[in-house]
1. Filter the range 256-297 down to the residues that are under 15 Å from Gly327 (Cα atoms) and in contact with a helix residue (DSSP H, G or I) (Cβ under 7 Å, 6 or more places away or on another chain), then identify the one that is most open to solvent (accessible area, probe 1.4 Å).
2. Identify the residue in the range 179-198 that is in a loop (DSSP other than H, G, I, E, B) and open to solvent by less than 10 Å² (accessible area, probe 1.4 Å) and, among all such residues, is nearest to Ile76 (Cα to Cα).
3. Are any of the residues in the range 98-110 within 12 Å of the ligand (Cβ to nearest atom), open to solvent by less than 70 Å² (accessible area, probe 1.4 Å), of a type outside the set (Asp, Glu) and out of contact with any strand residue (DSSP E or B) (no Cβ under 8 Å at 6 or more places or on another chain)?
4. Out of Thr173, Thr194, Thr245, which single residue is at pLDDT 95 or above and either touching a His at 6+ places or on another chain (Cβ under 6 Å) or at positive phi (or both)?
5. Contact list please: Cβ distance under 6 Å, first residue in the range 164-192 and over 18 Å from Val63 (Cβ atoms) and hydrophobic (A, V, I, L, M, F, W, C), second residue away from the ligand (no atom under 13 Å from the Cβ) and open to solvent by 10 Å² or more (accessible area, probe 1.4 Å), pairs at least six apart or on different chains.
6. Which residues, counting only those in the range 200-223, are of a type in the set (Gly, Ala, Ser) and within 13 Å of the ligand (Cβ to nearest atom)?
7. Do you know which residues across the range 50-74 are within 13 Å of the ligand (Cβ to nearest atom) and open to solvent by less than 10 Å² (accessible area, probe 1.4 Å)?
8. Looking only at residues in the range 344-362 that are open to solvent by less than 40 Å² (accessible area, probe 1.4 Å) and closer than 13 Å to Ala252 by Cα, which one is nearest to the chain's Cα centre (by Cα)?
Amino acid sequence: MRIETVAVHAGHAVDPTTGAVAPPIQLSTTFERNPDGSYRGGYSYSRSDNPTRRALEQAIAAVEGGVDAAAFGSGIAASAAVFQALRPGDHVIAPAEAYHGTGKLLRDICVPWGLQVAFVDMTDLAAVRAAVTRETKLLWAETPSNPQLKITDLAEVSRIAHDAGAACVVDNTWAPIVQRPLEQGADLVVHSTTKYIGGHSDVTGGAVVAREQSELWQRIRMTQGTGGAIPSPFDCWLVLRGVQTLPWRMRAHSENALQVATFLAAHPKVERVDYPGLPTHPNYAVASEQMRGGFSGMLSFHVRGGREAALAVTANVRIFTRATSLGGVESLIEHRASITGESPLTPQGLIRCSIGLEHPQDLIDDIAQALA
Ligand SMILES: *Cc1c(COP(=O)(O)O)cnc(C)c1O
């Protein structure tokens, strides 16, 4: 089956007791034992496992092409479970440009707890190779990067990981469907389902997907139930509904973003556009190899005139909403330096957009009038 069909049907079965086509939300925290002590459906207590969560996990595993998935209460909880599955003394190589919450999790929690972490530029493969030590157990990649949409070569990073006897984990939050890291050799994929998979800016969640059964995967699964950072059944249901339209939404996000990026690239007040779907992007060749059928809906652009000019654009948009996050049906716009502070990665002129599912011409007209 093709991905659109998988997304509609995975984790969905007509309810055998009622004939309901949409799956029920199973709120029960506890499940009855048979007289002999066994459990009818294999469920005993909802922290350990829950039917609505299981359905979501099946759906996410299916669309990512993995054998299993574990759902969490947030994207960061999913990432934390991966690091918690390591042992004190283990060494992790992580991107210097990782999602800020991932960097903070590693620095403020994992390092004090005993992990060793090297932050490197993952787009520089020689630097990645040089960072490997005898203790390296995990290479973490995130691509496209935030906020400059740099591209990490997933096949190469997976190869470096495997040569070192380590696992390769890819945070695929920014490009589900269009980018399939497990096919590039990654062992695990992490998602913040808060973003594209949920898709409607109304649910917080996360997931880890496994390419194959492994000891590391078993420890992550154990951490889910034992650490307990699980999503509620209702949140699972919302994310499961999001999965059904994900392939079509990703196609539309990608088409819209390419049109907006193309418009911006030709605008005299725009210095530079960071979008991996533009042939002028420095990693366009790698992006075209590992992103198929679209380049997702995230882009950044650099306005001439720095902070004042950029803030004037975000102040004057009418259709875009000034808000952080990404992946919803509505377009969002953000002056990143106001949130994260100025840095070489986040110059004052940089504006980040999550391109939604409005008509692309309306989005272009909106930015055009804001730039004017
Ligand atoms: C948002 C995000 C996360 C964290 O997800 P939460 O659901 O907010 O915990 C992790 N990685 C990336 C790339 C993200 O964009």
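1. Top of the filtered list is Phe295.
2. Kept after step one, since they are in a loop (DSSP other than H, G, I, E, B), are these residues of the range 179-198: 180, 185-187, 193-198.
Remaining after also requiring open to solvent by less than 10 Å² (accessible area, probe 1.4 Å): 186, 193, 196-198.
On the way: Ala186: 19, Thr193: 10, Tyr196: 15, Ile197: 15, Gly198: 15 Å.
Filtering the range 179-198 for residues that are in a loop (DSSP other than H, G, I, E, B) and open to solvent by less than 10 Å² (accessible area, probe 1.4 Å), the one nearest to Ile76 (Cα to Cα) comes out as Thr193.
3. yes
4. Values: Thr194 fails: either touching a His at 6+ places or on another chain (Cβ under 6 Å) or at positive phi (or both); Thr245 fails: either touching a His at 6+ places or on another chain (Cβ under 6 Å) or at positive phi (or both).
Result of the check over Thr173, Thr194, Thr245: Thr173.
5. Partner pairs satisfying both residue conditions: Ala164/Val132; Ala166/Lys137; Ala167/Asp187; Ala167/Leu216; Cys168/Asp187.
6. Of the residues in the range 200-223, the ones of a type in the set (Gly, Ala, Ser) are 201, 205-207, 210, 214.
Selection gives Ser201, Gly205, Gly206, Ala207.
7. Just the residues of the range 50-74 that are within 13 Å of the ligand (Cβ to nearest atom), to begin with: 71-74.
Correct list: Ala71, Phe72.
8. For the range 344-362, the residue satisfying everything is Ser354.
The values are calculated or read from the model by the stated rules, or taken from the named source; none is laboratory data. All values derive from a computational prediction rather than experimental measurement. Neighbour counts are summed over all protein chains in view; Cβ atoms, including those assigned to glycine, are modelled from backbone coordinates with ideal geometry. When the accessible area is computed, the model is the full protein with side chains, heavy atoms only, and any ligands, DNA or RNA have been set aside. Shrake-Rupley method; radii C 1.70, N 1.55, O 1.52, S 1.80 Å.
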